[in-house]
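The values are calculated or read from the model by the stated rules, or taken from the named source; none is laboratory data. Quantities reported herein were computed from a predicted structural model and do not represent experimental measurements. All Cβ positions, glycine included, derive from the backbone under ideal geometry; neighbour counts span all protein chains shown. Side chains are part of the model used for accessible areas, which takes the heavy atoms of the whole protein and leaves out ligands, DNA and RNA. Shrake-Rupley method; radii C 1.70, N 1.55, O 1.52, S 1.80 Å.
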Amino acid sequence: MKKRYDVQAIDIIANVWTPESNRIRPKRDAFYQGKMKVKKETAKGITHEEMLRRMDAAGIERAFLAATKVGRLGHPACYHIPYEMVAKAVNRYPDRFHGLAGLDPWEGMQGVRALEHAVQDLGFIGAHFYPHWYELAPDHAKLYPFYAKCCELDI
């Protein structure tokens, strides 16, 4: 049963958590199921429809789905969710999901061009960055080209 709320919430940072996206992530079952108490069924991945059902139950109208870039590729704990994976969910549920392009400061101008593609061609509405995964301060010079592109794209 859908609950009614006076004000609908927007989840400003959500992750695609499908079985497909979870195949990209390193296995962290002990962390998610142990420390975070995530149910085993959820840890395996949920469909977008199940995510929407849970959003409805919590009174969340929309979610910004991040194509997260969690650290530099090649490190065993790191992964990047492809922009196209998020765009697929956004295109299927445009009234509920909006895409955020993950940033990897080590990608340089290739990453800046990918950000531009995500916004101009895939319809993403913003960028997302995890400074701690890169051990860089948010004002590090490696991020200046990304910030400049965000200003240029008005995101």
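A few points about this structure:
- Residue in segment 1-11 that is touching a Gly at 6+ places or on another chain (Cβ under 7 Å) and aromatic (Phe, Trp, Tyr) present: yes
- Qualifying residue in segment 46-58 (condition: of a type in the set (Ser, Thr, Tyr) and either closer than 18 Å to Ala127 by Cβ or open to solvent by 30 Å² or more (accessible area, probe 1.4 Å) (or both)): yes
- Test: Glu41 is more than 20 Å from the chain's Cα centre (by Cα) and within 30 Å of Leu73 (Cβ to Cβ): yes
- All conditions in (1) within 22 Å of Glu135 (Cα to Cα); (2) in contact (Cβ under 8 Å) with a residue 40 or more places away in the chain hold for Gly74, with the sole exception of (2).
- Residue list for segment 34-45, filter: open to solvent by less than 50 Å² (accessible area, probe 1.4 Å) and in contact (Cβ under 8 Å) with a residue 12 or more places away in the chain: Thr42, Ala43, Gly45
- Whenever a residue of segment 15-33 is more than 24 Å from Phe64 (Cβ to Cβ), it has no partner that is among the aromatic types (Phe, Trp, Tyr) and outside any loop (DSSP other than H, G, I, E, B) lying with C-beta atoms less than 8 angstrom away and at least six residues away or across chains.
- Every listed requirement among (1) at pLDDT 95 or above; (2) more than 14 Å from Asn15 (Cβ to Cβ) is met by Leu73 save one, (1).
- Matching option when the condition is charged (D, E, K, R), surrounded by 14 or more Cβ atoms within 10 Å (Cβ to Cβ) and touching a Cys at 6+ places or on another chain (Cβ under 7 Å), among Arg28, Arg72: Arg72
- If you filter segment 23-58 down to residues that are assigned to a helix (DSSP H, G or I) and in contact with a helix residue (DSSP H, G or I) (Cβ under 7 Å, 6 or more places away or on another chain), you find that the one that is modelled with the highest pLDDT is His48.
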